[in-house]
Amino acid sequence: MPASLAPHPMTVDEMLDKAALEQLNFTYCHAVDRQDYALVRSLYHDDATDDHGPMFRGSADGYVAWLPTILSKWQLSAHRLTNMLFLVDGDAAEGEVCFTAYHRHRDGEREWVAHGRYLDRYAKRDGIWRYAHRTVVLDWNEKRASVPRPTDGTLLGAPDANDPIYAQLPMFAGQRA
């Protein structure tokens with residue numbers, strides 16, 4: 001049966017493939033927000049490409065090398081996914097993944113929030129789904145003043161290995177390269 005967005009009976013294989021593609025996308029957000037560049041790189045096939053518009057266009061290796069330069073502008077980021085649609089055809093798939101990407105400027109006083117979509121092509125090789133090509137589409141964005149972060153002892157996120165996830169969840173800590 002050809003890939004279809006229309007309602008259709010799903011096979012177990014299609015459900016498993018779509019679950020793997022969701023996990024891939026959720027892991028991407030975690031890896032970027034925690035600046036775990038080795039994990040980001042592992043999500044792309046060796047011959048994959050990434051198109052983040054005029055900011056970056058090129059190979060997966062180039063994208064991972066570029067990420068620290070752009071992320072150094074931010075005190076932290078938080079990528080969130082909403083709608084995810086996938087079309088799977090054997091070992092190839094395409095996806096539209098909607099995102100909101102929050103960025104707090106290094107000065108702590110300004111925020112930039114991007115709302116857009118990842119238009120992805122995926123390939124399953126050796127049974128594992130990875131990105132073959134990612135294109136970022138910006139639908140709209142917001143620039144605004146930041147609200148101060150709490151100082152009452154609330155656990156606060158960090159953009160690296162200092163994030164509380166690694167102290168609170170030992171299985172996650174064991175995944176950090």
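See the values below:
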{"read-out": "Charge tally in the Cβ shell below 14 Å around residue 53, where Lys, Arg are +1 and Asp, Glu are -1, residue 53 excluded", "value": "0"}
{"read-out": "Top of 95, 153, 116 by mean-square fluctuation, Gaussian network on the chain, Cα under 10 Å", "value": "153"}
{"read-out": "Principal-axis tilt of helix 12-33 within the chain, Cα atoms, nearest 10 degrees", "value": "20"}
{"read-out": "Gain upon complete extension [residue 4, residue 126; 0.36 nm per residue less C-alpha separation]", "value": "41.5 nm"}
{"read-out": "The range 42-64-the range 1-25 distance, computed between alpha-carbon centres (Å)", "value": "25"}
{"read-out": "R0 of 45 Å, Cβ-Cβ distance residue 145-residue 175: FRET efficiency to nearest 0.05", "value": "0.80"}
{"read-out": "Normalised contact order of the range 80-134, rounded percent, pairs of Cα under 8 Å and 6 or more residues apart", "value": "29"}
{"read-out": "For residue 146, distant residues with modelled amide H under 5 Å away", "value": "110, 111"}
{"read-out": "Point-to-point label distance, residue 85-residue 168, nm (Cα→Cβ direction, 7 Å offset)", "value": "3.4"}
{"read-out": "1.4 Å probe accessible area per residue over the range 1-116, in Å²", "value": "50"}
{"read-out": "Residue-span extension gain [residue 115 to residue 30] - 0.36 nm each, minus C-alpha spacing", "value": "28.9 nm"}
{"read-out": "Eligible lysines near residue 124 by straight Cα distance, threshold 22 Å, same-chain separation 8 or greater", "value": "18"}
{"read-out": "Degrees separating the helix 60-71 axis from the principal Cα axis of the chain, which is the longest one", "value": "30"}
{"read-out": "Accessible area of the range 1-114 belonging to carbon and sulfur atoms, whole % at 1.4 Å probe", "value": "58"}
{"read-out": "Residue-averaged [θ]222 nm for the chain, counting only DSSP H segments that reach four residues, each worth -39500 (n - 2.57)", "value": "-8000 deg cm²/dmol"}
{"read-out": "Sites residue 105 and residue 19, calculated FRET efficiency, Cβ-Cβ separation with R0 41 Å, nearest 0.05", "value": "0.70"}
{"read-out": "Tail weight of P(r) past 20 Å, computed on alpha-carbon pairs of the range 80-177, percent", "value": "60"}
{"read-out": "Fully extended contour minus Cα-Cα distance, from residue 69 to residue 11, at 0.36 nm per residue", "value": "16.6 nm"}
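The values are calculated or read from the model by the stated rules, or taken from the named source; none is laboratory data. The model shown is predicted, which means the values in this text are computed figures rather than measured ones. No Cβ is skipped: glycine too gets one built from the backbone with ideal geometry, and neighbour counts run over all protein chains shown. Please note that ligands, DNA and RNA were not included when accessible areas were found on the heavy atoms of the full protein model with its side chains. Shrake-Rupley method; radii C 1.70, N 1.55, O 1.52, S 1.80 Å.
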